[in-house]
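Asker: Mind having a look at this structure? Questions to follow.
Read-outs: derived from the displayed coordinates by stated rules, not from any lab. What you are looking at is a predicted structure, and each value in this text was computed from that prediction instead of being measured. All Cβ positions, even for glycine, are placed from backbone atoms using ideal geometry, and neighbour counts span all protein chains on display.
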Amino acid sequence: MYAQMVKSTGKGVQPLEEMGPQDRAFQERIDRGEKIEPKDWMPDAYRKNLIRQMGQHAHSEIVGQLPEGNWITRAPTLERKANLLAKVQDEAGHGLYIYCAAETLGISRDELFEQLHSGKMKYSSIFNYPTLTWADMGAVGWLVDGAAIMNQVPLQRTSFGPYARAMVRICKEESFHQRQGYHIMIQMAKEGTADQKRMAQDAFNRFWYPALMMFGPSDKDSVHSAQSMAWKIKMNTNDELRQKFVDETVPQAEYLGLTVPDEHLKFNDETGHYDFSEPDWDEFMDVISGNGPCNTDRLEARKKAWNDGAWVREGMMAHADKKAQRKLAAE
Amino acid sequence: MTKSKEWPLWEIFIRGQHGMSHRHVGSLHASDAEHAIKNARDVYTRRNEGVSIWAVEAKDISASSPSDKGPLYDPARDKIYRHPTFYVLPEEAGNM
Amino acid sequence: MSGEINHLLEFLLRQGDNTLVLGHRTSEWCGVGPALEEDIALANTALDLIGQTQLWLGYAAEVEGKNRSANDLAFLRDPYDFRNVLMMEVPNEDFGRTLMRQFLFDAFQVPWLTELQNSTNQRVSEIAAKSLKEALYHLERSRETVIALGDGTEESNKRMQATLDYLWPYTGELFGEDTTDQAMSAQGIAPVPSTLKNAWKTLVSRAFSEAYLKAPESDFAHSGGRTGFRHTEHLGHMLATMQTLQRSYPGATW
């Protein structure tokens, strides 16, 4: 998902009986459904994994502003412009909440930014794909937010208190995002002109597999998720969520009159689920390792915003310091 | 990469128009208290009128250690609103 | 233009185009602000301005009586039909210019909307009352930011001074006094903007002294925006971007 390639630092899950007393008490708290709070004792690996996962999640929110931000100035009506702007603004807010939650683990937001800028920390592969037409605003809202919600709803129950609480707030705010996107798709794919229908299908074709990739590699190739699941910082397996996403999305596509770009897609009466083709995992690895269509541009845009803003952040800080000193001198 | 002094972290507490007390809603960064309050209006209240905002620099908050479980905590276990970082808000923060 | 000028329409377009063009410029910041908090605050300002645009241009379209909507006016007019002051359309350049422009405009808009609340035209007075609440907050924020950055570091002061020097010649156009202004004043719809100049100057001067900034001496003023006679080169580029879908796919619904 937003944290697709979080590598657990543990070496698989240790059975309770082999744990030391502190680790064992910790695991038992999680098993009982208790929340872990910042000042509680926690294993180093738990802390490190969480910082990485929350960092990736927060980075995904703010890098995720860019592909949609690409269309704010070209939104076709005042209403669409306001909706899209509000949505992209929410993403900044969600990044902010998660960064703040991560800060309770002893890392600063600036440090997290630095790790993003240096390439040390990743963000979701999905945001390395370009948004080429207005229909992409529909496809992103419908598919990308749809996939994200699927992951974020269970994360409200994650074991780390500040993260869980941030997710509660985020899920509440995010409920309109997917609908906003789907609404754009209805307008274009169902009720639109021939040009608009073509744009809608084209956007769907380009975003279908990248959306499937958002859930991360197949469980059988994802050796690290067991520990994360034991710690309840990951709530479902990648394949479970991917299947759920396909099952929910296919009927929505049918309603729109769009064709899923997968000739093997078929409802399986025995399983009660859709069978579908795996995305191209080589492409996924390319994108993750920096060779997606937009990796360089996205990171450049983030770095530029950060560097261009340095004088503002410094200026405002200097003013605050001066103000405090003047106040002190006056007393 | 430019390295500069980071804006401090602030904890934000909001009391809605008809609310009885301030509740923690989250955190943010700001250069000073006034800036923090403005940022809180933009980030956490969507500028609803009639809300009262407190901003406290995070480093100035003293907190008990949550793992010291015992008499201090047990009686209040089900009163989650007492949790220092509890911050579930209704959609419109102003209608608290 | 042939025939009688519809002064009320002209007046409404001036209001709506100011907020439309400034709202658009402000929305360009989404995702690239200097800090997450500022990014979010700028988006709020842009959202307010877009909302105000819908009200002003919605009413303008009714007054025009050609069965057009606010969206038609925003997305299907050519640059010479726009009535915003030139200051709204110059590029953002950096955060400093964006906030300085916002401040120079807010310092006008607050007393202006305050007056418009007493308009004899009820719609104008209602739109003004709603917009004023937002403008008051914009002013508080833009004023504080200008002061902070003027007072901040040597670099931030230098940048803010340069940006003030750049924008200053564009401020004069806010205080026009032409036949439309006089017609609005005669009907009690709006005061003549030039009557607000002193109040505005007092307000901005006080902030500049706190910000260690100096307003240029010259009273020279660029003009041509609020009449539509001669916009800057920037507006055409902005509209080419903003209007692309409506222009490329006539009649489509989005």
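Asker: Computed FRET efficiency, Cβ-Cβ of C:Glu126 and C:Ser185, R0 30 Å: what is it to the nearest 0.05?
Answerer: With R0 = 30 Å, the Cβ-Cβ based efficiency is 0.95.
Asker: Moving on to the next point. Using a Cα-Cα cut-off of under 26 Å, which lysines could be cross-linked to B:Lys59, ignoring same-chain neighbours fewer than 8 residues away?
Answerer: Those lysines meeting the cut-off are A:Lys35, A:Lys39, A:Lys48, A:Lys322, A:Lys323, A:Lys327, B:Lys3, B:Lys5, B:Lys38, B:Lys69, B:Lys79.
Asker: GluC sites (Glu not before Pro) within the stretch C:110-217: which are DSSP loop residues with at most 13 other Cβ atoms inside 10 Å?
Answerer: Loop-located and lightly packed - C:Glu177, C:Glu217.
Asker: A further question follows. Between the DSSP loop rule and a limit of at most 11 other Cβ atoms within 10 Å, which trypsin sites (Lys or Arg not before Pro) in the stretch C:25-78 are left?
Answerer: Loop-located and lightly packed - C:Lys66.
Asker: Another question about this same structure. Please work out whether the stretch C:102-254 counts as rounded, prolate or oblate from its C-alpha gyration tensor, where a ≥ b ≥ c are the square roots of the eigenvalues and a/c under 1.5 means rounded, while otherwise a/b larger than b/c means prolate and anything else oblate?
Answerer: Oblate is the answer for the stretch C:102-254, as a/c is 1.5 or above yet b/c matches or exceeds a/b.
Asker: While we're looking at this one, here's another question. Taking the 0 to 90 degree range and rounding to the nearest ten, how far is the long axis of helix C:233-242 tilted relative to the main principal axis of chain C, both from C-alpha atoms?
Answerer: 70
Asker: Remind me, what semi-axes does the stretch C:3-248 give for its equivalent ellipsoid, largest first in whole Å, using sqrt of 5 times each Cα gyration tensor eigenvalue?
Answerer: 28, 21, 17
Asker: Further, regarding this structure: Could you list log10 I(q)/I(0) for the stretch A:113-210 at q = 0.17, 0.25 Å⁻¹, which the Debye formula gives when each Cα is one point scatterer?
Answerer: Taken in order of the listed q values, log10 I(q)/I(0) reads -0.84, -1.18.
Asker: Now, a different point. Take each complete run of DSSP H in chain A, measure how far its Cα atoms stretch along the helix's own axis, and keep only those covering 18 Å or more with mean Kyte-Doolittle hydropathy at least -1.0; list them.
Answerer: Flagged H segments are A:44-63, A:78-103, A:161-185, A:194-213, A:310-330.
Asker: Right, next: Just want to confirm a number: the relative contact order over the stretch C:101-243, from Cα pairs under 8 angstrom separated by 6+ residues, in percent.
Answerer: Result for the stretch C:101-243 is 27 percent.
Asker: Say we join alpha carbon atoms closer than 10 Å with springs in a Gaussian network model of chain C; which of C:Leu36, C:Leu55, C:Leu22 then has the biggest fluctuation?
Answerer: Fluctuation is largest for C:Leu36.
Asker: Nearest 0.05, what FRET efficiency do A:Gln22 and A:Ser108 give at R0 = 41 Å with Cβ-Cβ as r?
Answerer: That gives a FRET efficiency of 0.90.
Asker: At a Förster distance of 51 Å, what's the computed FRET efficiency of A:Glu263 paired with C:Leu76, Cβ-Cβ distance as r, to 0.05?
Answerer: 0.75
Asker: Continuing with this model, one more query. Decide, for chain A, between rounded, prolate and oblate: order the square roots of the alpha carbon gyration tensor eigenvalues as a ≥ b ≥ c, take rounded if a/c falls under 1.5, and otherwise choose prolate if a/b is larger than b/c, else oblate.
Answerer: Oblate, since a/c reaches 1.5 and b/c is not below a/b.
Asker: Placing unit charges on C-beta atoms (Lys and Arg positive, Asp and Glu negative, everything else neutral), compute the dipole magnitude of chain A about its Cα centre in debye, rounded to 20.
Answerer: 1420
Asker: Select from the stretch C:146-254 those trypsin sites (Lys or Arg not before Pro) which occupy a DSSP coil region and have at most 14 other Cβ atoms within 10 Å, ordered by residue number.
Answerer: In loop regions of the stretch C:146-254 (DSSP not H, G, I, E or B), the sparsely surrounded trypsin sites (Lys or Arg not before Pro) are C:Lys214, C:Arg230.
Asker: Could you work out how far apart the two model spin labels at C:Asn92 and A:Val153 are, taking each label as a point 7 Å from the Cα in the direction of the beta carbon, and quote it in nm?
Answerer: The two pseudo-label positions are separated by 3.5 nm.
Asker: In terms of the ratio Rg/(2.2 N^0.38 Å) built on C-alpha atoms, what value belongs to the protein assembly as shown?
Answerer: With N residues counted in the protein assembly as shown, Rg over 2.2 N^0.38 Å equals 1.02.
Asker: Looking at chain A as a GNM with Cα springs under 10 Å, which of A:Met213, A:Met199, A:Met42 has the largest mean-square fluctuation?
Answerer: Among A:Met213, A:Met199, A:Met42, the largest GNM mean-square fluctuation belongs to A:Met42.
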